[in-house]
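Q: The structure follows.
The values are calculated or read from the model by the stated rules, or taken from the named source; none is laboratory data. All figures in this text were calculated on a predicted structure; none of them were measured in a lab. Positions of Cβ are generated from backbone atoms using ideal geometry, with glycine treated the same way; all protein chains shown enter the neighbour counts. Keep in mind that these areas ignore ligands, DNA and RNA; they rest on the heavy atoms of the full protein, side chains included. Shrake-Rupley method; radii C 1.70, N 1.55, O 1.52, S 1.80 Å.
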Amino acid sequence: QVQLVESGGGLVQPGGSLNVSCEASGFAFSIYAMGWYRQAPGKERELVATISSGGNTNYADSAKGRFTISRDNAKKTVYLQINSLKPEDTAVYYCNARRSQYDYWGQGTQVTVSS
């Protein structure tokens, strides 16, 4: 059974940092491209960052400079480090695994940036 379980979200003050994680199971994690997406209230889900099976990274323009995606194949986990958090980063952050026709999603973790 494929599972993607996100964790690490929460309430953070503006300017703070957060590291969200996504632990995978039920598929060959190391050969999948992994990604983080987010969906703010009233908005469509949008790409934040992706990392290929080989470790190549890609970021949305809005994420460049403050977001870092990484993966640990031994732990079957993908991470998203977010620095200098802004209120507009408030969203549900979703983990994604993709390879060919296979496309898996986690349930999401809420990140709220507020003072």
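Q: Look at Val48 and say whether it is touching a residue at least 60 places away in the same chain (Cβ under 8 Å) and among the β-branched types (Val, Ile, Thr).
A: Details: touching a residue at least 60 places away in the same chain (Cβ under 8 Å): no; among the β-branched types (Val, Ile, Thr): yes.
Here the answer is no, as Val48 does not meet what is asked.
Q: While we're looking at this one, here's another question. Can you spot a residue in the range 66-73 that is among the polar types (S, T, N, Q), in contact (Cβ under 8 Å) with a residue 40 or more places away in the chain and open to solvent by 60 Å² or more (accessible area, probe 1.4 Å)?
A: Yes, that holds for at least one residue.
Q: Moving on to the next point. If I go through the range 37-57 residue by residue, how many of them are open to solvent by 60 Å² or more (accessible area, probe 1.4 Å), under 18 Å from Asn73 (Cβ atoms) and assigned to a strand (DSSP E or B)?
A: 1
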